[in-house]
Amino acid sequence: MLVDIGNALIQVATPTMLLLCIAGVIGGMAVGATPGLSATVGLALLLPITFAMEPTTGLVLMGAFYMGAIYGGSFTAILVNTPGTPSSIATTFDGYPMTQQGRSEAAIVASTVGSVVGGVIGVIGLIVLAPLLAQVVLAFGPQEYFWMGVFGLTMIAGIAPSLIKGIAAGFLGLLISTIGISPVGGEVRFTFGITDMQGGVPLIVALIGLFTIPTIVDLVIAPESRSMEVEADGDRRKRGGEVRRTVRDILSRPVNLLRSSAIGTFVGILPGAGGSIANLIAYNEAKRTSKRRANFGKGEIDGVVAPEAANNAVVGGGMVPLLTLGIPGAPPDAVIYGVLLLHGLRPGPELFDEQGVLTFTFILAVGLSALLMAPIGLVAGRGLQRAVVRTPTYYLAPTIALLTAVGSYAVRNSPLDVVIMVLLGLAGYGLRKVGLPPAAIVLGVVLGPIIETGFAQGLLAATGDAHPWMSFFTRPLSLGIIVLVVLGLAWPLVTARKEKRQAEKELVS
Amino acid sequence: MRADLVCGGILIVIAGTFWVQRDTSDRLYAAFPDLLLVVLAVLGVVIIVQGLVRGERGAGEREVNRRMLAIVSVLLVAWALGMGLVGFTISGVVAFVIMALLVREGRPRLREVATDTAAGVVIVVACFLIFTRVLLVPLPVSTLIGM
Amino acid sequence: MILAGCAQQSDTGGAAAEDYPNKSIQYIIPFDPGGESDITARLQQGPLKDAFGESVAVSNRPGGGGAVGWSQLATEAKPDGYTLMGANLPHIVLQPLARDDAGYETEEIKWAYIFESTPNAFVVAKDSPYDTIEEFVAAAKKEKLTVGGSSSFSANHMGTLALNKEAGIDLTYVPFSGTSAATPALLGGQVDALMSYNTEALDLLDHGGKVLAVASDERLAELPDAPTFKEAGYDVTIGAWRGVAVPPDTPDEIVEKVADAFAKVNKDPEVRSKMEKLGFHIEDMGPEESAEFTADQQAEAKDLLERFDLLKK
């Protein structure tokens with residue numbers, strides 16, 4: 001294996017590979033930053049190009065593209081509150097407030113640092129732990145996925161000002177996710193007589209609508225709200241040194257980076273979870289353990305670092321089940337799986353033994369791509385940031401609207417999706433006014449399929465037991481996650497009490 | 001309080017609308033959505049009761065320009081519908097210009113309309129070309145101008 | 001449907017059959033990018049361009065397990081041969097049978113060509129106590145056993161039902177979101193067996209899986225040691241077929257031209273070798289043969305669904 005890695009290093013260090021990685025990262029970033037075009041769509045577009053390539057070059061290009069696309073999704077999340085891919089949902093929570101405060105450059109730098117570190121750690125996890133981690137995949141059954149989804153729901157406590165309304169919003173999201181064909185059983189639900197609603201509401205469409213439409217409405221109704229964004233950004237730019245300051249600041253809290261990357265790697269390994277969940281969990285954990293908890297949601301830089309580190313770590317993590325078991329860990333991995341098969345490469349132990357050089361060249365190139373995102377991202381990301389900040393609001397608002405329209409259309413090439421997107425977005429705007437946070441709704445849409453699928457599959461798979469539902473409480477791993485759920489629920493209460501006591505003490509003294 | 005009443009009301013209405021649509025053919029597959037609907041309705045009631053008990057608390061929401069909000073909402077919905085009806089470019093340019101003028105506020109001057117139209121055409125057409133030619137997304141086109 | 005109006009996804013113009021094709025052709029896949037149908041289409045794209053002499057654009061219109069795309073093909077798309085859509089069996093048979101409103105009828109899917117297939121394969125894990133299908137069936141008569149597979153109302157689902165019927169057993173079918181999504185459930189012991197496809201069975205062999213039976217008429221070249229269900233006395237021959245369809249009113253001359261193009265692509269050695277590497281069996285069924293085959297499948301499926309009370313009410 002070590003010999004193979006050595007040979008792979010020599011292969012990766014050639015100018016051709018370097019150019020391929022650069023091209024892949026740039027292309028990926030462009031596609032990722034476009035709302036509606038996910039990493040998977042971009043990879044599918046690349047597919048015909050790679051048919052003509054050698055297996056190694058084709059795979060390297062795709063790996064670099066995948067890495068870049070996940071990173072690129074953060075740009076629009078930060079700058080215009082539109083996650084470019086579902087992997088950057090949580091990035092909007094603090095990234096966009098930073099933009100509104102004129103700190104978008106720092107947010108872009110934070111996303112870059114997080115993405116590079118996360119990407120590299122994910123790849124290290126892939127090389128060092130692949131065979132070991134593959135066993136984790138097998139231990140996770142439907143029951144565990146169910147509980148993991150429930151664990152994700154406990155995040156609501158953190159993002160909603162009122163717990164009960166937060167829960168209501170989360171359940172609304174879960175309800176949206178049940179529209180269309182049921183994931184288990186193939187039943188058609190809640191189509192309201194519209195045939196096309198069989199397909200349900202895609203996550204990206206809900207995401208674009210709920211996050212971006214309110215942003216557009218705000219920009220049009222109150223264009224003056226952007227004044228701070230523009231002025232403060234100008235002031236900071238005059239001062240200079242923003243990049244160095246921000247990088248130093250983030251690196252001074254390495255635990256956040258490492259924890260988020262570890263979460264991303266682990267969630268990536270689980271097929272059926274992926275970046276859309278990893279970024280949310282990492283954000284929540286960062287918030288829960290941070291000393292600056294109160295600042296989260298109001299432009300906390302660690303709130304940008306955490307999800308971005310996690311989602312790029314998913315890239316490496318997701319390749320663990322792909323390369324060892326032939327199970328794509330995340331949707332984009334399915335395309336890479338196809339490329340492997342097309343070249344007659346069957347995932348499994350022999351991929352590492354007989355095709356070791358090729359496999360490690362691919363893996364190392366993915367890691368190299370993560371590193372390359374630093375220089376490329378700092379130039380392209382900050383360029384985009386400058387362009388957005390300098391665009392007058394009367395052009396920025398309609399341009400965002402145009403991109404959301406075309407983006408929601410492109411998800412399934414469906415004009416109906418554009419209408420759904422706008423209606424959901426306007427509804428979200430109204431619901432926000434009565435206290436139902438759109439972020440909690442999105443959380444429900446993300447987690448709904450996992451929870452429902454795990455629930456129904458768990459019951460079916462345990463039909464042999466006397467009480468099938470008992471299997472949700474008897475499996476050791478399930479119990480472990482249940483403990484996490486309880487902790488997740490109790491934690492906000494505990495800290496709230498602690499803070500209250502602290503405040504009282506201060507008041508007395 | 002008003003926000004709570006509206007919020008609770010909305011939840012109950014949504015739960016009710018979906019309840020009518022639900023399919024009762026199989027218990028296992030209906031369990032999850034049924035549970036969601038019940039919880040939503042209950043939460044709606046709780047929020048209403050909470051609002052009534054708590055009474056008015058002067059959490060003064062920032063007043064929004066309702067007229068503007070209505071105009072933007074109509075514009076966005078019309079844009080979404082128009083994309084399927086008259087194609088991406090025509091709906092795009094028209095909506096782009098209207099929105100730009102809305103943001104500029106005040107009575108539109110001829111020069112502004114001209115520059116905004118020019119900007120709209122450039123941005124929309126560029127977007128159209130990138131999506132249809134490079135990314136191969138078959139955007140809806142108008143039969144009149146073919147794009 | 002209402003939204004279609006005067007806007008079209010592709011250029012318009014009623015071209016006559018003689019000069020077909022004279023402009024770019026849309027080849028729509030009603031599934032997500034990156035799936036098996038999608039990869040096949042992108043594989044065919046280049047050779048199709050040569051066969052038609054016009055460019056072919058592959059795009060996706062996923063939703064409802066393909067139903068959203070097929071209802072569009074059946075009701076909205078222009079029957080001029082410039083809109084082709086991937087179509088799958090048994091999906092187009094089962095959806096109209098099982099759903100209240102699939103948005104199309106099986107008869108409205110007009111085949112141009114069926115080009116590949118994947119037969120079902122029945123697999124158990126390495127440490128499973130069963131070494132033959134007979135042993136598995138015997139055990140299933142005594143206790144409740146579970147079988148995982150890819151999605152509901154799929155070839156895997158029908159295969160399980162057919163086995164239940166033929167062997168007089170009551171296996172519980174556990175649907176997963178895709179072929180490879182079910183694999184960890186087998187390796188991790190969540191389900192007792194998988195009703196999967198030959199493609200996945202090959203992967204599972206690498207992990208010590210045991211292929212107890214394949215659901216084809218004869219043994220498969222890539223799995224020579226696996227007996228057919230028929231050898232064990234169970235008449236289970238079910239798999240998934242992929243092809244290309246056109247809107248229902250498309251003139252026959254154009255359908256023939258489309259069929260010729262796909263037949264030509266199927267002979268392309270490069271395409272053949274890649275399809276085989278993906279584990280697909282190459283099929284060559286023209287428009288009539290495909291339609292007859294579909295009718296047979298429909299009768300069989302109807303019988304099976306009726307027996308298990310899964311027909312729409």
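The values are calculated or read from the model by the stated rules, or taken from the named source; none is laboratory data. What you see is a predicted model; the values in this text were computed from it and never measured. Glycine also receives a Cβ, built like all others from the backbone with ideal geometry; neighbour counts cover every protein chain displayed.
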>> Anything in the stretch C:91-131 that is within 29 Å of A:Val188 (Cα to Cα), in a loop (DSSP other than H, G, I, E, B) and either within 12 Å of chain A (Cβ to nearest Cβ) or not β-branched (Val, Ile, Thr) (or both)? List them, or say none.
In response: C:Arg99, C:Asp100, C:Asp101, C:Ala102, C:Gly103, C:Tyr104, C:Glu105
> Can you name the condition, by its number, that C:Ile282 falls short on among (1) of a type outside the set (Phe, Trp, Tyr); (2) within 28 Å of C:Tyr173 (Cβ to Cβ); (3) assigned to a strand (DSSP E or B)?
Replying inline: (2)
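Let's see how each residue does on (1) at pLDDT 90 or above; (2) within 16 Å of A:Trp147 (Cα to Cα):
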site	(1), (2)
A:Gly458	yes, yes
A:Ser471	yes, yes
A:Pro476	yes, yes
A:Leu487	no, yes
A:Trp491	no, no
A:Arg497	no, no
> With (1) more than 10 Å from chain B (Cβ to nearest Cβ); (2) in contact with a Gly (Cβ under 8 Å, 6 or more places away or on another chain); (3) polar (S, T, N, Q) as the list, and A:Thr391 as the residue in question, which single condition is left unmet?
Replying inline: (2)
> Among the candidates A:Gly381, A:Gly356, which residue alone is within 17 Å of A:Ile5 (Cβ to Cβ), at pLDDT below 95 and away from chain C (no Cβ under 14 Å)?
Replying inline: A:Gly356
> Applying the selection to the stretch C:104-128, what residues are within 21 Å of C:Ser290 (Cβ to Cβ), buried (at least 24 other Cβ atoms within 10 Å of the Cβ) and of a type in the set (Gly, Ala, Ser)?
Replying inline: C:Ala112
>> Please determine whether any residue of the stretch B:63-70 is at pLDDT below 95, in contact with a Leu (Cβ under 9 Å, 6 or more places away or on another chain), farther than 30 Å from C:Val174 by Cβ and facing chain A (nearest Cβ under 10 Å).
In response: yes
>> Here is a list: B:Phe128, B:Phe96. Which entry is buried (at least 22 other Cβ atoms within 10 Å of the Cβ), within 11 Å of chain A (Cβ to nearest Cβ) and closer than 19 Å to A:Ser408 by Cα?
In response: B:Phe96
> Can you pull out the helices (runs of 4 or more DSSP H) entirely within the stretch A:294-390 that have at least 1 residues that are within 22 Å of the chain's Cα centre (by Cα) and among the small types (Gly, Ala, Ser)?
Replying inline: A:302-325, A:331-342, A:356-390
> How many residues does the stretch C:33-55 hold that are of a type in the set (D, E, K, R), farther than 16 Å from C:Asn266 by Cβ and surrounded by 19 or more Cβ atoms within 10 Å (Cβ to Cβ)?
Replying inline: 2
> For the stretch A:194-210, does any single residue satisfy the condition of being of a type in the set (Gly, Ala, Ser) and more than 11 Å from chain C (Cβ to nearest Cβ)?
Replying inline: yes
> Only one residue in C:Ser59, C:Ser71 is part of a strand (DSSP E or B), over 17 Å from C:Phe262 (Cβ atoms) and either facing chain A (nearest Cβ under 9 Å) or modelled with pLDDT under 90 (or both). Which one?
Replying inline: C:Ser59
> Taking the stated definitions as given, is C:Asp235 farther than 24 Å from C:Lys144 by Cα, of a type in the set (D, E, K, R), out of contact with any Pro (no Cβ under 8 Å at 6 or more places or on another chain) and assigned to a loop (DSSP other than H, G, I, E, B)?
Replying inline: no
> Can you name the residue in the stretch B:99-119 that is crowded, with 19+ Cβ neighbours inside 10 Å and touching a residue at least 24 places away in the same chain (Cβ under 8 Å) and, of all such residues, is nearest to A:Pro223 (Cα to Cα)?
Replying inline: B:Leu102
>> Can you tell me which residue is nearest to A:Val201 (Cα to Cα) among those in the stretch A:394-408 that are in contact (Cβ under 8 Å) with a residue 40 or more places away in the chain and within 7 Å of chain B (Cβ to nearest Cβ)?
In response: A:Val406
> With respect to A:Thr178, is the statement that it is farther than 17 Å from A:Ala427 by Cα, touching a residue at least 40 places away in the same chain (Cβ under 8 Å) and either under 20 Å from the mean Cα position of the chain (by Cα) or facing another protein chain (nearest Cβ under 9 Å) (or both) true?
Replying inline: yes
>> Filter the stretch C:179-193 down to the residues that are surrounded by 21 or more Cβ atoms within 10 Å (Cβ to Cβ), within 9 Å of chain A (Cβ to nearest Cβ) and in a loop (DSSP other than H, G, I, E, B) and list them by number.
In response: C:Gln190, C:Val191, C:Asp192
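Go over the candidates A:Arg248, A:Arg259 one by one and state the one that is within 16 Å of A:Val113 (Cα to Cα), out of contact with any helix residue (DSSP H, G or I) (no Cβ under 9 Å at 6 or more places or on another chain), at pLDDT 90 or above and not in a loop (DSSP other than H, G, I, E, B).
After applying the criteria, what remains is A:Arg248.
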> Got a sec? Which of A:Gly68, A:Gly95, A:Gly72 is without any contact (Cβ under 8 Å) to a residue 60 or more places away in the chain and either out of contact with any Asp or Glu (no Cβ under 8 Å at 6 or more places or on another chain) or within 14 Å of chain C (Cβ to nearest Cβ) (or both)?
Replying inline: A:Gly72
>> Pairs needed: first member in the stretch C:155-178, closer than 19 Å to C:Ala232 by Cβ; second member anywhere, in a helix (DSSP H, G or I) and among the polar types (S, T, N, Q); C-beta distance under 9 Å; at least 6 residues apart or different chains.
In response: C:Asp170/C:Asn164; C:Leu171/C:Thr160; C:Leu171/C:Asn164
>> Is it the case, given these coordinates, that A:Ala370 is crowded, with 24+ Cβ neighbours inside 10 Å, at pLDDT 95 or above and away from chain B (no Cβ under 14 Å)?
In response: yes
> Can you pull out the helices (runs of 4 or more DSSP H) entirely within the stretch B:62-147 that have at least 2 residues that are among the acidic types (Asp, Glu) and out of contact with any Asp or Glu (no Cβ under 9 Å at 6 or more places or on another chain)?
Replying inline: B:110-129
> Where residues in the stretch C:156-178 are among the polar types (S, T, N, Q) and more than 20 Å from the chain's Cα centre (by Cα), which of them is farthest from the other protein chains (Cβ to nearest Cβ)?
Replying inline: C:Asn164
>> Here is a check on your reading of the model: is A:Asp235 more than 14 Å from chain B (Cβ to nearest Cβ), acidic (Asp, Glu) and on the phi < 0 side of the Ramachandran plot?
In response: yes
